[in-house]
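The values are calculated or read from the model by the stated rules, or taken from the named source; none is laboratory data. All values reported here derive from a predicted model rather than from experimental measurement. All Cβ positions, glycine included, derive from the backbone under ideal geometry; neighbour counts span all protein chains shown. All accessible areas refer to the heavy atoms of the entire protein, side chains included, with ligands and DNA or RNA removed. Shrake-Rupley method; radii C 1.70, N 1.55, O 1.52, S 1.80 Å.
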Amino acid sequence: MNYKIAVIPGDGIGPEVIGQTLRVLDEIGKKYGHEFEYTEVPAGGNAIDSEGECLPQKTVEICKSSDAVLLGAVGGPKWDHLPGSERPEMALLGLRSALGLFANLRPAMLFEELADACPLKPELVSGGLDIVVVRELTGGIYFGEKGIVEDENGTAAYDIEKYSEMEVRRIAKVAFDMAMKRGKKVTSVDKANVLESSRLWRRVVTEVAADYPEVELNHFYVDNAAMQLVRGPKQFDVIVTSNIFGDILSDEASQVTGSIGMLPSASLATGNFGMYEPVHGSAPDIAGQDLANPMATILSAAMMLRYTFGLLEAADDIEAAVQKVLADGYRTADIAKAGEPVIGTKECGDLIVAAVRGEA
Ligand code: NAD
């Protein structure tokens with residue numbers, strides 16, 4: 001099979017981590033007989049420099065005509081003086097809206113080899129952790145009506161949380177489809193004891209569950225979910241929740257894994273189209289020094305194979321290769337303990353490519 005991937009290396013460490021990721025994809029392509037065809041496009045600070053805007057229309061067009069988008073990171077101090085609406089990070093919002101990316105997937109995966117980096121007690125995470133937070137990305141309070149009014153108490157401000165059945169059904173299906181490919185358990189998080197919008201959320205998620213009899217569904221209030229994530233994180237498989245609750249819980253869940261250099265993410269549209277990127281930013285402090293950990297981006301590519309291309313075995317293979325490199329004791333600086341020897345970005349890529357090839 002031939003897959004078209006729009007590649008946005010971006011700024012800072014973006015091109016370095018993307019470079020290693022494409023090497024891993026090429027190796028996987030060879031091994032499984034797939035061809036990945038890359039079209040590199042500008043976005044972010046580099047696009048401001050070369051095209052005069054952070055998200056050129058031709059970038060959007062190429063992304064739209066591809067099967068998936070792979071992004072490094074955008075932004076950096078060079079463009080920090082620009083007004084908010086012209087900054088490199090606006091490219092991300094522009095891409096989300098132009099590509100209809102309504103579902104944000106943030107796995108919190110703790111490799112057993114990195115258990116030391118986890119702030120929780122070892123017995124809570126023994127055997128590693130594998131949670132995915134599915135966050136609704138284009139609705140709810142962040143996009144609802146908002147305003148400032150004057151009344152007898154002075155100035156007041158409001159933001160409205162509003163969800164339609166269509167929006168809840170759409171994101172719930174993403175969560176249940178994902179659970180079918182994983183541990184077959186969905187936890188829906190809301191605040192149905194207080195919020196009307198949460199009561200609608202809970203009703204619709206329960207209706208969608210009827211189409212997935214193999215998947216176990218439970219409902220948590222958001223305060224309880226936040227507590228359980230640090231008391232018993234192994235009870236979770238897929239967590240589905242609204243934009244604002246997902247914003248908070250996905251950060252909480254990812255922190256239990258320890259390092260930002262290990263965290264992949266995906267944003268999905270209908271029809272399996274998706275944009276895949278590491279959670280971290282462009283890390284200008286270490287850019288161009290062969291210090292960046294490319295694993296978050298390589299794991300994002302594994303998500304692309306799994307969720308957009310349906311290449312489950314190849315995706316597992318990449319994750320196993322990353323795990324092997326960790327198990328063999330190799331660490332980039334961000335995940336090394338004090339005094340441990342460290343490897344650079346390129347050597348990390350070499351080792352993961354070798355592990356995919358089955359070399360020791
Ligand atoms: P950051 O994630 O870039 O860096 C935070 C810290 O983590 C830094 O010390 C950095 O060196 C380290 N780090 C990050 N990724 C790493 C990796 N792969 N390997 C090793 N160490 C890593 O966050 P920041 O410093 O707040 O932001 C820097 C720039 O990135 C800003 O311009 C910001 O707006 C932008 N940003 C972009 C995205 C994105 O493109 N999706 C996300 C967040 C921040």
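Taking region 225-274 only, how many residues are away from the ligand (no atom under 16 Å from the Cβ), more than 23 Å from Ala172 (Cβ to Cβ) and surrounded by 19 or more Cβ atoms within 10 Å (Cβ to Cβ)?
1
If I ask for residues that are within 23 Å of Gly344 (Cα to Cα) and open to solvent by 10 Å² or more (accessible area, probe 1.4 Å), which ones from region 306-323 would you list?
Selection gives Asp317, Glu319, Ala320, Gln323.
Of the residues Ser85, Ser66, only one is part of a helix (DSSP H, G or I) and among the hydroxyl-bearing types (Ser, Thr, Tyr); which?
When all the criteria are applied, what remains is Ser85.
Every residue, every condition in (1) in contact with a strand residue (DSSP E or B) (Cβ under 7 Å, 6 or more places away or on another chain); (2) surrounded by fewer than 23 Cβ atoms within 10 Å (Cβ to Cβ); (3) without any contact (Cβ under 8 Å) to a residue 12 or more places away in the chain, yes or no:
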position: Val17; (1), (2), (3): yes, no, no
position: Leu25; (1), (2), (3): yes, no, no
position: His34; (1), (2), (3): yes, yes, no
position: Cys54; (1), (2), (3): no, no, no
position: Ala73; (1), (2), (3): yes, no, no
position: Pro88; (1), (2), (3): no, no, no
position: Arg96; (1), (2), (3): yes, yes, no
position: Pro107; (1), (2), (3): yes, no, no
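Within region 275-305, can you find the residues that are open to solvent by 40 Å² or more (accessible area, probe 1.4 Å), within 10 Å of the ligand (Cβ to nearest atom) and touching a helix residue (DSSP H, G or I) at 6+ places or on another chain (Cβ under 7 Å)?
Val279, Pro284, Leu291
Just to confirm my filter: which helices (runs of 4 or more DSSP H) fall fully inside region 181-257 and include at least 1 residues that are touching a Phe, Trp or Tyr at 6+ places or on another chain (Cβ under 9 Å), within 25 Å of Lys121 (Cα to Cα) and of a type in the set (Val, Ile, Thr)?
222-231
Pick from Ala103, Ala73: which is within 24 Å of the chain's Cα centre (by Cα), within 17 Å of Ser300 (Cβ to Cβ), more than 16 Å from the ligand (Cβ to nearest atom) and small (Gly, Ala, Ser)?
Result of the check over Ala103, Ala73: Ala103.
From the list Gly100, Gly84, Gly147, Gly154, pick out the single residue that is touching a helix residue (DSSP H, G or I) at 6+ places or on another chain (Cβ under 9 Å), open to solvent by less than 70 Å² (accessible area, probe 1.4 Å) and without any contact (Cβ under 8 Å) to a residue 12 or more places away in the chain.
Gly84
For Ala108, are the conditions met, namely being outside any loop (DSSP other than H, G, I, E, B), within 23 Å of Val133 (Cα to Cα), touching a helix residue (DSSP H, G or I) at 6+ places or on another chain (Cβ under 9 Å) and assigned by TED's automatic domain parsing to the domain that holds Tyr307?
yes
Which condition number does Lys173 fail, the rest of (1) assigned to a helix (DSSP H, G or I); (2) basic (Lys, Arg); (3) surrounded by fewer than 16 Cβ atoms within 10 Å (Cβ to Cβ) being met?
(3)
Where the second residue is at pLDDT 95 or above and surrounded by fewer than 19 Cβ atoms within 10 Å (Cβ to Cβ) and the first is at negative phi and lies in region 273-288, which pairs have Cβ atoms under 6 Å and are six or more apart or on separate chains?
Listed by first residue and then by second, the contacts come to Pro284/Pro77.
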